[in-house]
Structures are given as structure tokens and as C-alpha cells.
Amino acid sequence: MIDEIQSLLDSYSRWLRDKTRIRQLDDWCEITTPFLDRHNDFLQIYVRRQDDGYLLTDDGYVIDDLESSGCHLDSPKRKALLLTALNGFGVQIIERALQVNANANDFPVKKHNLIQAMLSVNDMFFLANPSAKSLFCEDVAGWLDIHEVRYVPRVKFAGKTGFDYSFDFAIGKFRDQPERLVKTISHPNRSTTIQTAMSWLDTKAARRADSRFYAFLNDADQPISKQTMDALAAYEVRPVPWSQREEVINELAA
């Protein structure tokens, strides 16, 4: 199993390398990543050398895009959600730009964390809908609370590669039930599916062999494609459309 997972991680690394593009822009380098935002556009970050290392930033793209789409971040609740998302990845917001500082040793981890933060903040777009009173993650938390599931929210684990991955909920091992990790996906698409599957492969290699991973998929606005369901299942992720959540409650509440 270890060799199989290592082979899959190697394939992911090749995909990430081959699909990444770099372009020089004066003092900056523009890095186009293979990860997609909600418009299905590739996320881009910008890197500039500093005296003590490198500055990595999204140049304000994510915040500007949210606000231009009607998701303003001026309410106390939304500010708190934004800071929670950023703090989980060690990312700062400076004059509307998401950014981190890195050196030659931690550059890969800091780049990884910035992209993760951009994807996480991008999900706040769904609060722009007047009928949306909470993030999908909060809906899942409320459901777990109703069923008295014991969980720890917003946990972060290091994978075999040394990269950190954020999970929305961790449910500890209890009697014959193994450790269970849960991630919520507000807008399932190819990019979020790949990201979720690869984060689990890397994390699983560093966790107990019997650990389980559940991905809750928001299907309130559109059905989940068979391709998404099959892709997650192929990497030992249990995909759970929100409309079918009651099917797994016994596995989580035990």
C-alpha cells in the first residue's frame, strides 16, 4: 500500500510541475497554477525577491473578485470567517492582498499554504447569495451537533511530504471506530476534487492505517457528477453528497 500511495503522490507531483507556468513581469514572477477558482480560471500568484527571502502574494485578486461579485467582507461575521481561514494557513492580508513571506527552505510550503488559503477564501463567494445564511462548513457543523458527534473543528495535519493540510473536522478513534477526518467542499469541481484526493493521499501516508476520510459535497444547487464521485472513491475518500448525509451518520457518531 505504501508503494502504491507513493506512486500516486509522485504522479500528483508531476502533474503539479507540468501544469505550472512561470512568467517574468519586471521585478515579479507570475506563477500560474493548475488549481481553479469558481470561474474555472487558473489561480495565479506573484513572487518577488526580498533581502531576506521572497514575498508571495495574490495581488488582491481573491478579495477583489469576491467584492466585485457582491460578497462584501465588511460585516463582523464575514471578517471573522476571513481571518479564521487565513490564520489556518499562516497567511496575512495586507491592503486587500493575501500574502506570505518565505525563504529558500520553506518556499514550497509557503506557496502551498497561500494557494490553500486562496481556495478557502474563494468559497466565501457563496455568502453573496441573499439566501445563504452560513457557509456550507457551518451547515455540516450544525448537523454534526444535532447528532451529538464529538469532533474537533479546523484541524491541520502534516502529510508525508511535509505539507500541511487543513480538515474541517476530526473525529477521534473510539472503541472499534477509527479516526475519521471530514472536509467540506462547497463547490465540487475538477480542481477541488484533485486537491481533496491528493491532500488525503499525502495525509493518509502519515496517519494510522485504518483512518478514514469523508468529503461532504454541496449538491444544493447542482447534482454531483459521477466523475467526481468515482474520482474521490478511487483514492479512498468517502464522497457524501449533502442530500445523502444521513447515510453516514452512524459511521460518524459512533
(request) With springs only between Cα atoms under 10 Å apart, run a GNM on the chain and tell me which of 174, 136, 42 wobbles the most. (result) 174
(request) Using only the alpha-carbon atoms of segment 143-254, report the extent along each of the three principal axes, biggest first, to the nearest angstrom. (result) 35, 35, 22
(message) At 1.567 mPa s and 4 °C, plugging the Kirkwood radius over alpha-carbon pairs of segment 18-128 into Stokes-Einstein gives what diffusion coefficient in µm²/s?
(response) 90
(request) Return the whole-Å distance between the Cα centroid of segment 184-254 and the Cα centroid of segment 1-36. (result) 22
(request) In a Gaussian network model over the chain where Cα atoms closer than 10 Å are linked, find which of 200, 15, 242 has the largest mean-square fluctuation. (result) 15
(request) Return 226, 156 ranked ascending by Cβ neighbour count within 10 Å, so the fewest neighbours appear first. (result) 226, 156
(request) Please report 187, 39 as a ranked list, fewest other C-beta atoms within 10 angstrom at the top and most at the bottom. (result) 39, 187
(message) Straight-line reach only, C-alpha to C-alpha below 18 angstrom: list the lysines that residue 77 could link to, leaving out same-chain residues fewer than 8 apart.
(response) 133
(request) Going by C-beta contacts inside 10 Å, put 151, 214 in order with the fewest on the left. (result) 151, 214
(request) Starting from the exponent 0.38 and prefactor 2.2 Å, build the expected Rg for the chain from its residue count and divide its actual Cα Rg by it. (result) 1.01
(request) Rounded to the nearest 10 degrees, what's the angle between the helix 136-146 long axis and the longest principal axis of the chain, both from Cα atoms, 0 to 90? (result) 30
(request) Quickly estimate the mean residue ellipticity at 222 nm for the chain, helices only: each DSSP H run with n ≥ 4 gives -39500 (n - 2.57), and the total goes over all residues, rounded to 500. (result) -11500 deg cm²/dmol
(request) Give the angle, between 0 and 90 degrees and rounded to the nearest 10, that separates the Cα long axis of helix 107-122 from the longest principal axis of the Cα atoms of the chain. (result) 70
(request) Out of all DSSP beta bridges with both ends in segment 136-253, state the antiparallel percent to the nearest 5. (result) 50
(request) Mind pulling the angle between the C-alpha long axis of helix 76-87 and the longest principal axis of the chain? Nearest 10 degrees, somewhere in 0 to 90. (result) 80
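Values quoted throughout were computed directly from the atomic coordinates according to the rules given, and no laboratory measurement underlies them. Computed from a prediction, not measured in an experiment: that's the story for all the values here. All Cβ positions, even for glycine, are placed from backbone atoms using ideal geometry, and neighbour counts span all protein chains on display.
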